[in-house]
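Novice: Please read through the structure below; I'll follow up with questions.
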Number of protein chains: 4
Amino acid sequence: MNEPLCKRLAAEVVGSAFLLATIVGTSIMGAKLAAGAPAMALFVTSTSAGAMLTVLIWLFGPVSGAHLNPVVSLAFSANGQLAWRDVLPYGLAQLAGFAIGLWSAHAMFELPVLQVAVTARTGAGHWLAEAIATFGLILVILGCVARRPSVVPAAVGLYIAAAYWFTASTAFANPAMTLVRALTATPAGILPQHVFGFAAAEIAGAVLAILAGRYFWPAPR
Amino acid sequence: MNEPLCKRLAAEVVGSAFLLATIVGTSIMGAKLAAGAPAMALFVTSTSAGAMLTVLIWLFGPVSGAHLNPVVSLAFSANGQLAWRDVLPYGLAQLAGFAIGLWSAHAMFELPVLQVAVTARTGAGHWLAEAIATFGLILVILGCVARRPSVVPAAVGLYIAAAYWFTASTAFANPAMTLVRALTATPAGILPQHVFGFAAAEIAGAVLAILAGRYFWPAPR
Amino acid sequence: MNEPLCKRLAAEVVGSAFLLATIVGTSIMGAKLAAGAPAMALFVTSTSAGAMLTVLIWLFGPVSGAHLNPVVSLAFSANGQLAWRDVLPYGLAQLAGFAIGLWSAHAMFELPVLQVAVTARTGAGHWLAEAIATFGLILVILGCVARRPSVVPAAVGLYIAAAYWFTASTAFANPAMTLVRALTATPAGILPQHVFGFAAAEIAGAVLAILAGRYFWPAPR
Amino acid sequence: MNEPLCKRLAAEVVGSAFLLATIVGTSIMGAKLAAGAPAMALFVTSTSAGAMLTVLIWLFGPVSGAHLNPVVSLAFSANGQLAWRDVLPYGLAQLAGFAIGLWSAHAMFELPVLQVAVTARTGAGHWLAEAIATFGLILVILGCVARRPSVVPAAVGLYIAAAYWFTASTAFANPAMTLVRALTATPAGILPQHVFGFAAAEIAGAVLAILAGRYFWPAPR
């Protein structure tokens, strides 16, 4: 990871694009092929998203760290593994990548590229779920990076595949992706006015995980 | 695993909480999205539970061993890998974690936090199934710890995902978790009066596995 | 694998028992929960069987080789990795284990222990499928043992999970297990009079794979 | 991979045959068992294809590289990892293997061996999807070969399993296989007149990935 910043940002863009193209594209395909079977539609989304995450972290981990998530970048900065001045560029690259991925998914399925979400996702249960989902995600990353770095890609993929199901909110766990998912009317979307609650809960969960990580793994290797 | 006891117990609490939150949360989501398709509901629970178990053992294995199950702690003590005086604190930490996880799942789905189970799970077939499921779980752990320690997390996750299906009882295989699952009216529950039969069968299976493990792997490395 | 023969045979018995208990138990559970959705029922059987196979080879591979299949024992003997005089005891241990596993599955689900199969499985398509399935299985084992021994458990599990679906016969690929599956009236069974055709096709596929393996990997390491 | 060309071509033939037999066989079995549940039928195909790809790359990677795809052979040649003069023989071996696999699948299911496809697959969305799917596939291969060669088999399998779902075209991502899939009237087929558009999009995606790979991993190890 001694790559120049521009190459690291390019990796974050391409990785984020593939990640959200997978989530949105699969949710379109799932809704089409599994009409009336919402569990099947969510299952294909959860397994595809988990599989793609694992692949992308294998692929871009050695280039940029494959954060694909601003709270992951934040956690690495808090741990001294990413320069603080790189957090904002990483976040912007992730936003750009998510937008490219979302619009690519719309284009592949010949839907209007520009859309606005119609799915309500709000309430205390959903916020608690996002906080727990993000707490777990960041804890898994920090702990495995500290003690078993070779399993990070598989651990993140399996965690997210499971988190889709045990949280009431399907585990967005990513404030930048949450924001961009306001731009799709497919089942992967979230009403724009509900983005703030999700993002705040996700950030709270991430901060708690950073604190817990310092207790469990005080000197990450 | 030379961590102080308090940190090891904290790992058992957090790990146990995530494990039961996954099982209960997924069973709620599965019942909601797969109404009328019980195989799909059980399949998402079995795969999510297996995936989360693997992740949690990767994460907390280097801290506490990630037992998440009193009969696992018992088996390690019988093998000299955990001090006998730590078995009870581990068991209490697991109980506390399971309660936190179960109540968190209820809260995420905006259900009453305090519930009592309504699902009957009893009879000779179920007891035989719990004994076999726990026998296999402990044997897998002892054998892989002895000969292929790096695969233990994946082996436990895959074993449990399969055991959900081949046992008539969906493989609780964990007396502390069985007890706490009397506190949920979701499909993951077990009637309080049926807990004792399950727990006794699980302990019997574990004891047999400890004996079989001594035959197969007499000097664990 | 310098274990005494009696311990190796015990490993083959226990491993074979868990393998067939998984296949038969899951097919009973699948038929019960996925009535009217045969693809779902077969999917849970294929994934559970594949997962359990991987676990069992991790567990018993260092003890007995975890053949769990007489044509696997035959292939290892042909390659000089198992004494010829051990092939028959291995086969008998596998038969005994399969019988124990099948009857255990019946008992767990409170079905009559002694049954006779009712499912017809015959014809040129099925025989071709069994020959191809077994050819692939033995080739995967010989090639991975020769060049990438650490992936054998995962490779066998993934291969069998896929082979359930691409063969017309759901890939028994195991003459001893085929014989014992004549003793169950669950969906996992095969009519006694159809066992011979399956077993002959499996042995033919295995012999071809041994020859192909000698071409591809002449000096296994 | 210092094997003689004839052995490498034999590996490409056998590997390609098993890959397409899996895709076509599973799509026949899926259509039969999951009539009216197209998501389930596609899910078993995507998971079986991904699992078999991983197994085949483990098995034949050390022999021929297990390209099983002419644009993969092209990418390795562009990177200096395959002699240019071997690209055409590899492509012909892949075509031959795909034909053998497709006809074997028909024979196993007792369908007419010679068929012509009936499924229309065309339009800008599908072409964009094939370009993106192939871009991602080649990028994953080049990046993992450069930095984490041991995960290539799992990465390709997981990528393809996910790509089935997030692309509108179910990710053929392979011009030779696309051509041969014009010879099946099963759900895996593609109308002969639609082959050219798919193949052109796949080649375009592959060329872009080769260029992107040079930027991200300039000196592959």
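Novice: Given the structure, is A:Ser27 away from chain D (no Cβ under 11 Å) and either hydroxyl-bearing (Ser, Thr, Tyr) or in contact with a Cys (Cβ under 6 Å, 6 or more places away or on another chain) (or both)?
Specialist: No; evaluated as a whole, the condition is false for this residue.
Novice: Over 30 Å from A:Ala34 (Cβ atoms), in contact with a Leu (Cβ under 8 Å, 6 or more places away or on another chain), at pLDDT 95 or above and surrounded by 19 or more Cβ atoms within 10 Å (Cβ to Cβ), is that true of C:Ala66?
Specialist: So C:Ala66 fits the description; yes.
Novice: Please go through (1) within 24 Å of B:Phe18 (Cα to Cα); (2) within 9 Å of chain C (Cβ to nearest Cβ); (3) touching a residue at least 40 places away in the same chain (Cβ under 8 Å); (4) more than 16 Å from the chain's Cα centre (by Cα) for B:Ala168 and return the number of the only condition it doesn't satisfy.
Specialist: Against the list (1) within 24 Å of B:Phe18 (Cα to Cα); (2) within 9 Å of chain C (Cβ to nearest Cβ); (3) touching a residue at least 40 places away in the same chain (Cβ under 8 Å); (4) more than 16 Å from the chain's Cα centre (by Cα), B:Ala168 comes up short only on (1).
Novice: Taking the stated definitions as given, is D:Phe98 in contact (Cβ under 8 Å) with a residue 24 or more places away in the chain and within 8 Å of chain C (Cβ to nearest Cβ)?
Specialist: no
Novice: Among the residues of segment B:46-66, write down those that are more than 7 Å from every other protein chain (Cβ to nearest Cβ) and farther than 15 Å from B:Tyr159 by Cβ. I'd like the intermediate steps shown before the answer.
Specialist: So the first thing to find is which residues in segment B:46-66 are more than 7 Å from every other protein chain (Cβ to nearest Cβ), and the list is B:46-47, B:49-50, B:53, B:56-57, B:60-61, B:64-66.
Of everything in segment B:46-66, those that are more than 7 Å from every other protein chain (Cβ to nearest Cβ) and farther than 15 Å from B:Tyr159 by Cβ turn out to be B:Phe60, B:Gly61, B:Ser64, B:Gly65.
Novice: For B:Cys6, only one of the following conditions fails: (1) without any contact (Cβ under 8 Å) to a residue 12 or more places away in the chain; (2) in contact with a helix residue (DSSP H, G or I) (Cβ under 8 Å, 6 or more places away or on another chain). What is its number?
Specialist: Answer for B:Cys6: the failing condition is (2).
Novice: Another question, if that's okay. Can you name the residue in segment C:1-33 that is among the aliphatic types (A, V, I, L, M) and farther than 14 Å from C:Ser48 by Cβ and, of all such residues, is surrounded by the fewest Cβ atoms within 10 Å (Cβ to Cβ)?
Specialist: Checking each candidate, the answer is C:Met1.
Novice: (1) assigned to a helix (DSSP H, G or I); (2) aliphatic (A, V, I, L, M); (3) closer than 20 Å to C:Ala49 by Cα: which one isn't true of C:Ala168, the others all being true?
Specialist: Here C:Ala168 meets the rest and fails (1).
Novice: Quick test for you: out of B:Ser150, B:Ser77, pick the one residue that is within 14 Å of chain A (Cβ to nearest Cβ) and among the polar types (S, T, N, Q).
Specialist: After ruling out the rest, the residue left standing is B:Ser150.
Novice: Need the failing condition index for A:Val140 against (1) within 14 Å of chain B (Cβ to nearest Cβ); (2) in contact (Cβ under 8 Å) with a residue 24 or more places away in the chain; (3) among the β-branched types (Val, Ile, Thr), just the number.
Specialist: (2)
Novice: Please go through segment A:101-126 and give me each residue that is within 14 Å of chain B (Cβ to nearest Cβ) and not aliphatic (A, V, I, L, M), ordered by number.
Specialist: Result: A:Arg121, A:Thr122, A:Gly123, A:Gly125, A:His126.
Novice: For segment A:187-197, does any single residue satisfy the condition of being surrounded by fewer than 20 Cβ atoms within 10 Å (Cβ to Cβ), without any contact (Cβ under 8 Å) to a residue 12 or more places away in the chain and within 11 Å of another protein chain (Cβ to nearest Cβ)?
Specialist: No, the conditions are met nowhere in segment A:187-197.
The values are calculated or read from the model by the stated rules, or taken from the named source; none is laboratory data. Here the structure is a predicted model, which is why all the values come from computation and not from measurement. Because the Cβ atoms are built from the backbone with ideal geometry, glycine has one as well, and the counts that use them run over all protein chains shown.
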